[in-house]
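Just below is one structure, and these are the notes that go with it.
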Amino acid sequence: ARTVRVAALQMGTTNIWDERPHTLERMLRLLQLAAEEKVQVALFPEIAFTTFFPRYYITDEARLAAFFEHGDVATAPDTRAVFDRARDLGIDICVGFAEAAPEGDRFNSCVYYHAASGQVLAKYRKIHLPGDVEPFPDPDAVNQLEKRYFKPGDLGFEAFRVPDLLREGDDATAAGHAGDQACDSQASGTPNGAVQGNVTGDPIFGMMICNDRRWSEPWRVLGLQGVEIVLCGYNTAGFAPHLWGASKDADPEEANRLSLFQHKLCMQAHGYTNATFSVSAARCGLDDGKYIMIAGSCITDPEGRIIAESKTMGDEVIVADCDLDMCRPGRTRTFDFGRHRRVEHYGRIVQQ
Ligand code: CDT
């Protein structure tokens, strides 16, 4: 078996007035709980270090800049505690953050940090940015101004192999497992570099962020690279009728249920049709005393089943063992892409 123990580290309410040390303390506690469960890879949510600020129309540049992480996120003073603790505990982490890139662009990003080497192994910048550039005229509307604050990601959907995860006795180098057919993107230890034909049995990961999970394309692009575990942090409004194109009179409870249902539907269905595990971690709860964000962090298997799921709307760790050999039946039968896809009919997908 090639088994990896993964966790979603769900984070509850994070208010706009919360101080960073408080948020870091919560993140360290989640890591500690994960360590007690012998977790090897843990996923934090999208924009984990602050409240979900794109709901606000912010015109003051200094105020906006304060929501972004500047410099190397793994070593910057405001964020490094999480990475240092992950390294000390021997847990790989994927963390979402608002990135102020050195050249001045801003992205909604996440990194995969490899504890054994103390290095960022891969970075992803969110590609599908939901919402609007301008706020709704209705002062009661919940906004989602990601198109205003972020540039669309420029790093693609690149799968990457992660060394040092498979335990003694695990089949790390055997030929013929599900991942061998692909993953020609990132080399272990080289963010966004090429794999140089170095195919081993190390697990293949992919990352996406929140809204990306609703689109089949990122999943298939990762699936074509033999992805075995997809990581996806999110911030999803429960009741936000303007955002969802619903009536203002919609029942908030029902809206919340539907939002949760659609989240899980995406993780289960897209995970299944690409024969991959998925891990999703929510930033949830009632933010700023006003904005309700869904929970529903879950881990799904390659058959589309939920194998772990959060029970609360607060900080919570959910854990599952992912036997990566479970990706093989889907890859070699129903979703054997090489045998069954009919790409001659898919052209419209990549036309403007
Ligand atoms: N953060 C994020 O991408 N949230 C969106 C909300 C929907 S906006 C219409 C999501 O897809 O969950």
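Sort through A116, A86, A62 and tell me the only one that's in a helix (DSSP H, G or I), more than 16 Å from the ligand (Cβ to nearest atom) and in contact with a Leu (Cβ under 9 Å, 6 or more places away or on another chain). Let's see the steps before the verdict.
Working: A116 fails: in a helix (DSSP H, G or I); A62 fails: in contact with a Leu (Cβ under 9 Å, 6 or more places away or on another chain).
When all the criteria are applied, what remains is A86.
Screening G289 with (1) surrounded by fewer than 19 Cβ atoms within 10 Å (Cβ to Cβ); (2) free of Cβ contacts under 8 Å to residues at least 40 places away in the same chain gives one miss only, at (2).
Within the bounds of the range 179-202, is there any residue that is modelled with pLDDT of 55 or more and away from the ligand (no atom under 16 Å from the Cβ)?
yes
The number of residues in the range 7-38 that are part of a loop (DSSP other than H, G, I, E, B) and under 18 Å from G96 (Cβ atoms) comes to 6. Taken together, the criteria exclude F107 from residues that are part of a helix (DSSP H, G or I) and within 17 Å of the chain's Cα centre (by Cα).
Which residue out of F136, F97 is within 16 Å of the ligand (Cβ to nearest atom), farther than 20 Å from A35 by Cβ and part of a strand (DSSP E or B)?
Just a single option satisfies the conditions, and that option is F97.
Annotation: of all residues in the range 264-282 being in contact with a Pro (Cβ under 8 Å, 6 or more places away or on another chain) and under 10 Å from S297 (Cβ atoms), the one that is surrounded by the most Cβ atoms within 10 Å (Cβ to Cβ) is A281.
Going through the range 114-128 one residue at a time, which ones are in contact with a helix residue (DSSP H, G or I) (Cβ under 8 Å, 6 or more places away or on another chain) and either surrounded by 23 or more Cβ atoms within 10 Å (Cβ to Cβ) or among the β-branched types (V, I, T) (or both)?
Taking the range 114-128 as the starting set, the residues that turn out to be in contact with a helix residue (DSSP H, G or I) (Cβ under 8 Å, 6 or more places away or on another chain) are 115, 118, 126-128.
Within the range 114-128, K126, I127 qualify.
When we screen D88, D78, D92, D105 for residues that are in contact with a His (Cβ under 9 Å, 6 or more places away or on another chain), at pLDDT 95 or above, among the charged types (D, E, K, R) and more than 29 Å from L286 (Cβ to Cβ), the only hit is D92.
Please list, ordered by residue number, the strands (runs of 3 or more DSSP E) wholly in the range 241-352 having 2 or more residues that are within 30 Å of P135 (Cβ to Cβ).
Values: elements: 277-282, 285-287, 291-293, 298-300, 306-309, 316-323.
Output list reads 277-282, 285-287, 291-293.
Per the conditions (1) under 16 Å from F49 (Cβ atoms); (2) part of a loop (DSSP other than H, G, I, E, B), the sole criterion not satisfied by K151 is (1). Every listed requirement among (1) touching a residue at least 60 places away in the same chain (Cβ under 8 Å); (2) under 19 Å from the mean Cα position of the chain (by Cα) is met by E69 save one, (1).
Out of A246, A240, which single residue is farther than 17 Å from D301 by Cα, within 16 Å of the ligand (Cβ to nearest atom) and without any contact (Cβ under 8 Å) to a residue 12 or more places away in the chain? Don't jump to the end; show me each part of the working.
Working: A240 fails: without any contact (Cβ under 8 Å) to a residue 12 or more places away in the chain.
Selected residue: A246, the only one of A246, A240 that is farther than 17 Å from D301 by Cα, within 16 Å of the ligand (Cβ to nearest atom) and without any contact (Cβ under 8 Å) to a residue 12 or more places away in the chain.
Is one or more of the residues making up the range 75-89 touching an Asp or Glu at 6+ places or on another chain (Cβ under 8 Å), within 19 Å of A8 (Cα to Cα) and not polar (S, T, N, Q)? There is at least one residue in the range 75-89 that is touching an Asp or Glu at 6+ places or on another chain (Cβ under 8 Å), within 19 Å of A8 (Cα to Cα) and not polar (S, T, N, Q).
Does Q10 fit the bill of being away from the ligand (no atom under 16 Å from the Cβ) and polar (S, T, N, Q)?
On the way: away from the ligand (no atom under 16 Å from the Cβ): no; polar (S, T, N, Q): yes.
In short, no.
Restricting attention to the range 210-237, and to residues there that are away from the ligand (no atom under 12 Å from the Cβ) and part of a loop (DSSP other than H, G, I, E, B), which single residue is nearest to T276 (Cα to Cα)? Within the range 210-237, the match that is nearest to T276 (Cα to Cα) is E228. Taking (1) crowded, with 23+ Cβ neighbours inside 10 Å; (2) within 13 Å of the ligand (Cβ to nearest atom) in turn, F160 satisfies each apart from (2). Among the residues that make up the range 133-147, is at least one of them touching a strand residue (DSSP E or B) at 6+ places or on another chain (Cβ under 9 Å) and under 18 Å from G71 (Cβ atoms)? No, every residue in the range 133-147 fails to be touching a strand residue (DSSP E or B) at 6+ places or on another chain (Cβ under 9 Å) and under 18 Å from G71 (Cβ atoms). So which residues in the range 68-83 are outside any loop (DSSP other than H, G, I, E, B) and closer than 17 Å to R29 by Cα, if there are any at all? Selection gives R80, A81, V82, F83.
Checked against (1) within 21 Å of A8 (Cα to Cα); (2) modelled with pLDDT of 95 or more, T334 passes all but a single condition, namely (1).
Out of the residues in the range 67-83 that are hydrophobic (A, V, I, L, M, F, W, C) and surrounded by 14 or more Cβ atoms within 10 Å (Cβ to Cβ), which is farthest from the ligand (Cβ to nearest atom)? Ranking the qualifying residues of the range 67-83, first place goes to A81.
The values are calculated or read from the model by the stated rules, or taken from the named source; none is laboratory data. Keep in mind that what you see is a predicted model, and the values were worked out from it rather than measured. Heads up, the Cβs are rebuilt from the backbone with ideal geometry, glycines too, and the neighbour counts pull from every protein chain shown.
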